[in-house]
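Here is the structure we will look at, set down as C-alpha cells.
Every number in this text was worked out from the coordinates using simple rules, so none of it is lab data. Quantities reported herein were computed from a predicted structural model and do not represent experimental measurements. Cβ: placed from backbone, ideal geometry, glycine included. Neighbour counts: every protein chain shown.
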Amino acid sequence: MPVPRNIAVIDYGAGNVRSVANALASLGYHPDLTADPARILKAGAILFPGVGAGPSAMRELDSSGMSGCIRQVIAENRPFLAICIGMQVLFDSTQEGRGCDCLGIIPGEVRRIPPGPKIPHMGWNRVKQHIRHPVFDGIPDGASFYFVHSYCGRPADPTVVAGTTEYGVTLCSMIIKGNLFATQFHPEKSGKSGLRMFANFLEYALGNQR
Amino acid sequence: MPWETNDNLGDDILLTKRIIPCLDMIRGRVVKGTSFTDLRDTGDPVEMAAFYYREGADEIVLLDIGATIEARETMVNVVERVSEQVFVPLTVGGGVRNTDDIRRMLAAGADKTSINTAAVHNPHIVAEGAERFGSQCIVLAIDAREVAGSKPRRWEVLTHGGRTPAGLDAVQWARQAVELGAGEILLTSYDADGSQKGYDLELTRAVSTAVNVPVVASGGAGHLDHVYQVLTYGKADAILAASIFHFRTYSIVQVKEYLMAKGIPVRY
C-alpha cells in the first residue's frame, strides 16, 4: 500500500494553526488545515498544534468529535506530532484551571511547573536529547527551542521521554512513542532547529516527497 | 519523571537572554533611518524582519508608531506576510486599543501584542486580554521618563508615544499590570531613547526586581557593553534595539558573540 502523502494540521479552533502551516509551507509542504475527521484519518502525517489552556482545548476536542479521531489515528500508529497544549491533552489529566480529564493516551498527569523560576516558562531553553532518533538529525544535543507554558506533563513511563529541559526542575519537553511525537516547545517558533525538526518528522513520516 | 527542585540553578541562568530588533513603522513602512545596503528595499518591514530572522534574532517586534485607524489594515497585512517568513516569536504593537485588535493581530500571525496608551486609559484591557488569550500574549509597553530631581530616582509613565504624562509611577504601574495579567514588560526609557548612551540601568533594575515576568529593556543601546550592562546589572531578560541593528553598527551575531564571551547564555 502506498504511503499517503498528505499532511493534516488539526484545526479545532484553539491552535496556532497558521504559524505551523507557514513553517511547513516554508519547507515546501502543502498542509491541509482541517477539522474534518475523514481527512485526518486519511493523512500520512498529522500535526496537532495547541495554545491556550488545557481544559478549554479539551472542551473543543470533545464537542467537535475530534477526541475520537485523535485516539484512532494514534491507535493506528500514524505519524503524529503534538505541540504544546496538543502534547498536554494527550495525558490522563491536567491540573490546569479546575482540572480535567484529558485524552488518556500517554499515562501521566499535567501539573503546574513548581514555584521558583518565573512562570510562565517563556523563552528559549535547551533540550537535552535522551535517545537517538532521525527526528533529531542535524539538531545538536542541547539546542534551544522556544517555550511558552505554565504546566507540563509528567509521563509515568520514563522510556517515552525523548527530551528534557531544565527549569528549576527537569521538565519532560519531548516524547517519542512509536510514531507518536510530542513537544512541549513550539518548533514553528524555534527558528532553524524547529524547522529542521518539522522537516525530519515529515521525512520520517512521508519519505522524501514534498 | 523526576520533579525535584534543582537548587543549584538560579532562575537568571535558565533561559537564554533574548536579542530583539525592533521595526518602527508608519503606514506600513520602517521609518527609523537605516543604512542597509544589502536589501532591495530598506523600508520594507517584511524584508527587514526576514533578514533579522536569518541573522539569528530571537524575536521580532513590529511597532506601528503612527498607529492611525487607517494603518490598522496595513499592519494586519504586514504581520501576515512577516509570519510567512519569520519562525521566531513576533510581537506587534502600536494602536492596540481593545481585545478585538489583539485577536486580529494574533489571527494574522502575531504571538504577542504590546499595549501602551490603551492600557493606561483602560487597565481592564490587560485583564481581559490575558483572560481571553493568555498572559503570554499580553505585553505591557511602558514609556518611562525620570522625574527631574527625584531622590531616590523615580520614573513617570508617558503615553501617546512619549507626549503625555499619565500621572503614574512606572514601577507601580508595571506591578499593577502584572497583577492584571500582563505576561511581559517592554520598558523604554524616554530619556535614553535615541541617545545611544546606554540603557537606563536603574530604571530597568527597578522594574525587573519589582515584577516576576520577563522585562525587555529598550532605549539607548549604542555599544555592546550597554547590552551586557542592562542584562546583568539591569536584570533584564531581553534587549530590544533599533538603530544599532538598522545602521549595521552591530549584527545580531556580534551582539551574541560578545555576550557569550562574557558568559551570558544566548541562543547561538
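For this structure, a couple of remarks:
- Exposed-site-free run, longest, chain B (rule: GluC sites (Glu not before Pro); DSSP loop; at most 10 other C-beta within 10 Å): B:71-268
- Distant alpha-carbon pairs in the range A:7-206 (separation over 26 angstrom), percent: 24
- Magnitude of the charge dipole, the range A:7-206, Cβ model with Lys/Arg +1 and Asp/Glu -1, debye to 20: 360
- Within the listed set A:70, A:40, A:131, the Gaussian network model of chain A (springs between alpha-carbon atoms below 10 Å) gives the highest mean-square fluctuation for A:131.
- Between the residues A:100, A:191, A:201, the greatest Cα displacement towards the positive end of the dipole of chain A, with unit charges on the Cβ of Lys, Arg, Asp and Glu, is found for A:191.
- Most mobile listed residue (B:152, B:123, B:89) in chain B, GNM with C-alpha springs under 10 Å: B:152
- Residue-wise HN-Hα couplings along the range A:72-80, as the Karplus relation 6.51 cos²θ - 1.76 cosθ + 1.60 with θ = phi - 60° gives them from phi, are 5, 5, 6, 4, 7, 6, 6, x, 9 Hz; Gly and Pro carry x.
- Straight-line reach from residue B:197: taking Cα to Cα under 24 Å and skipping same-chain neighbours fewer than 8 places apart, the lysines in range are B:17, B:32, B:151, B:235, B:256, B:262.
- Within chain A, percent of DSSP bridges classed antiparallel, to nearest 5: 60
- Rounded to the nearest 20 debye, dipole of the range B:53-101 from Cβ charges on Lys, Arg, Asp, Glu: 40
- Part-to-part distance (alpha-carbon centres) for the range A:104-146 and the range B:195-268, which is given in Å: 26
- 5 angstrom amide H check on residue B:64, placed H, neighbours 5+ away: B:25, B:93, B:94
- For the range B:142-191, fraction of C-alpha pairs farther apart than 17 Å, in %: 31
- Segment residue B:210-residue B:124, length gained on full extension (0.36 nm per residue, minus Cα span): 28.9 nm
- When all alpha carbon pairs of the protein assembly as shown are counted in 20 Å bins from zero, the resulting P(r) reads 25, 58, 17, 0 %.
- By DSSP, the beta bridges lying fully in the protein assembly as shown are antiparallel in about 40 percent of cases.
- Couplings 3J(HN,Hα) of the range A:56-67, computed from phi: 5, 4, 4, 4, 4, 5, 5, 6, 8, x, 6, 3 Hz, in residue order, whole Hz [Karplus 6.51 cos²θ - 1.76 cosθ + 1.60, θ = phi - 60°; x for Gly and Pro].
- Amide proton proximity set for residue B:159, modelled H, under 5 Å, gap of 5+: B:164, B:166
- Residue A:131 versus residue B:151: modelled label distance in nm, points set 7 Å from Cα along the beta carbon direction: 6.6
- 3J(HN,Hα) along the range A:140-150: x, 4, x, 4, 8, 10, 8, 10, 8, 6, 10 Hz, from the Karplus curve 6.51 cos²θ - 1.76 cosθ + 1.60 with θ = phi - 60°, whole Hz, x for Gly and Pro.
- For the protein assembly as shown, size of Cβ-based charge dipole, Lys and Arg +1, Asp and Glu -1, in debye: 400
- Close amide-amide hydrogen proximity is noted between residue A:83 and A:48, A:50, A:183, each under 5 Å apart and 5 or more residues distant or on a separate chain (H modeled in the peptide plane; Pro and chain starts excluded).
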